[in-house]
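The values are calculated or read from the model by the stated rules, or taken from the named source; none is laboratory data. In this text, all values refer to a predicted model and were calculated from it rather than measured experimentally. Neighbour counts are summed over all protein chains in view; Cβ atoms, including those assigned to glycine, are modelled from backbone coordinates with ideal geometry. What goes into the accessible areas is simple: the full protein's heavy atoms, side chains included, and nothing from ligands, DNA or RNA. Shrake-Rupley method; radii C 1.70, N 1.55, O 1.52, S 1.80 Å.
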Amino acid sequence: MRAYKPKDNVQAKAYYTDRYYVAPQVPKTPVDEDEVFAADLAAIKEKFEVHDAYIQVEQMVVYINANDIYGVLELMRDELEYTQLSEMSAIDWIAKSNQFEIFYQMLSMTKRKRIRIKYFINNGDAVQSVEKLFRSADWAEREMYDMFGIEAKGHPFMKRILMPYDWQGHPLLKTYPLEGDEFAAWYEVDKIYGKEARDIIGPELRDTARVDRYDSERFARLGHEVPRGAEVSDDDPEVTQNYQEEGGVFLVKKLDKESSKVIDDPQR
Amino acid sequence: MAQHKVNYTQDGGLPVALTSIDKIVNWGRSNSLWAMTYGLACCGIEMMAAGASRYDFDRFGTIFRASPRQSDVMIVAGTLTKKHAEFIKRLYDQMTEPRWVISMGSCANTGGMFNTYATVQGVDRIIPVDLYLPGCAPRPETLQYGVMLLQKKIRANKAGRAQKAKRLM
């Protein structure tokens, strides 16, 4: 993995920024406004420390200690009827505070409520696996490890799930470039042909603005195909689509546009 | 002697045709292009449509095979990820020669809109490609046209001469 560099200003700056612009925030309301959530929060608070709790978009968000996660989820599953773990993953706050925010999205089918459990861990720390409580955490924790490099302690098979096993780097980190680092750029060439082949195959062409009407293959113009490496002049004549050679083909009837029947009716 | 007095020299009298070895070998190769099912993404749906009854690839002699050892042409239809790159190379190596590759759609040609860390920027970085089809996704007619162009390309070859095996490098 590459060394961390702050990327606050990595994007091109906008031409115009409103000095008085305030980014809109999703309004947060206190938990007391919802009876079900208030009761759930009281049950969690009885046994565990809660740092912050609020309701946002009709869902309760609860911040807890990192060590309590297994106990909290067990309590919610067995006593509070939150029987499903819909989703879990991490948020990269490394640039701000060298921390990851881990979230667990819980669903109760009986109460028709959703609760999001959250906590912070320091960069480099591992989380406690909840795979024993929810089978859905199995792949979610593997994906979190794959994408962020956060390991889950007690997971039975802590390996990458999306990227290949021999991949280096964790792609969802904010420091990871979208087009890949050097390892990613040469991954398939190195693996299949070896590092010596880099010079022969060449770097990836990733310039999306590159337009070459006369590129060697000319696959961009239907009806104007040329063999690879053919000389293409600037004023090429209009080529009518010719499906077959002029003299016809052995044992294959030559396509004759005049004598062929054209079906005009799409509803035939 | 046959009773119906066949005139062997008359055109159409018997299925006898005079031709060259080149033409008959190329006729056999170009009109039974068995394609390997290589649907990787949405282009694969168009490839299936081209194979199904409405567009009907069978009349070109193109029949989809699920094994690289029985197929002549590999139609790479869809996004090739870096994780999958080694498998496409392995399957290409398992095909018997002569073999051809059609790169179908923008993703297979250049990586397409997936300008990301996980996508191979064109299958021609891994295997030699004979024909690039434009489109996202190309219509089945485009694939039919591409197969016809490939047939034309095969017929232009000298079949009698030992063919140089295509290698990327």
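Need one word for the range B:35-113: rounded, prolate or oblate. Basis is the Cα gyration tensor (sqrt eigenvalues a ≥ b ≥ c); a/c below 1.5 gives rounded, then a/b vs b/c decides.
Oblate is the answer for the range B:35-113, as a/c is 1.5 or above yet b/c matches or exceeds a/b.
Let me know the mean shielding of A:177-185 by other chains, meaning the per-residue number of their Cβ atoms within 10 Å of its Cβ.
So the per-residue partner count for this stretch is 3.
Per q in 0.16 1/Å, what log10 I(q)/I(0) does a Debye calculation on the alpha-carbon atoms of the range A:23-153 return?
Relative scattering, expressed as log10 I(q)/I(0), comes to -0.80.
Taking a 26 Å limit on the Cα-Cα distance, which of the listed pairs A:LYS253/B:LYS166; A:LYS47/A:LYS111; B:LYS23/B:LYS89; B:LYS83/B:LYS153; B:LYS23/B:LYS166; A:LYS191/B:LYS166 fall beyond it?
Checking Cα-Cα distances, A:LYS253/B:LYS166; B:LYS23/B:LYS89; B:LYS83/B:LYS153 exceed 26 Å.
Ranked by accessible surface with a 1.4 Å probe, highest first, in what order do A:VAL22, A:VAL61, B:VAL25 come?
From most exposed to least exposed: A:VAL22, B:VAL25, A:VAL61.
Rounded to the nearest 500, what is the 222 nm mean residue ellipticity of chain B from helices alone, with -39500 (n - 2.57) per DSSP H run of 4+ residues and division by all residues?
Calculated at 222 nm, the ellipticity per residue is -9000 deg cm²/dmol.
So for B:LYS158, A:LYS111, A:LYS174, A:LYS191, what's the accessible-area order with a 1.4 Å probe, most first?
Final ranking, largest accessible area leading: A:LYS174, B:LYS158, A:LYS191, A:LYS111.
Hey, got the average number of other protein chain Cβ atoms within 10 angstrom for residues in B:139-148?
Across the residues of B:139-148, the mean count of other-chain Cβ atoms within 10 Å is 2.
Compute, for A:THR175, the solvent-accessible surface of its heavy atoms (probe 1.4 Å) with the complete set of protein chains present, and express it in square angstrom to the nearest 10.
20 Å²
What does the structure give for B:115-126 when I average, per residue, the other chain Cβ atoms found within 10 Å of the residue Cβ?
That works out to 6 on average.
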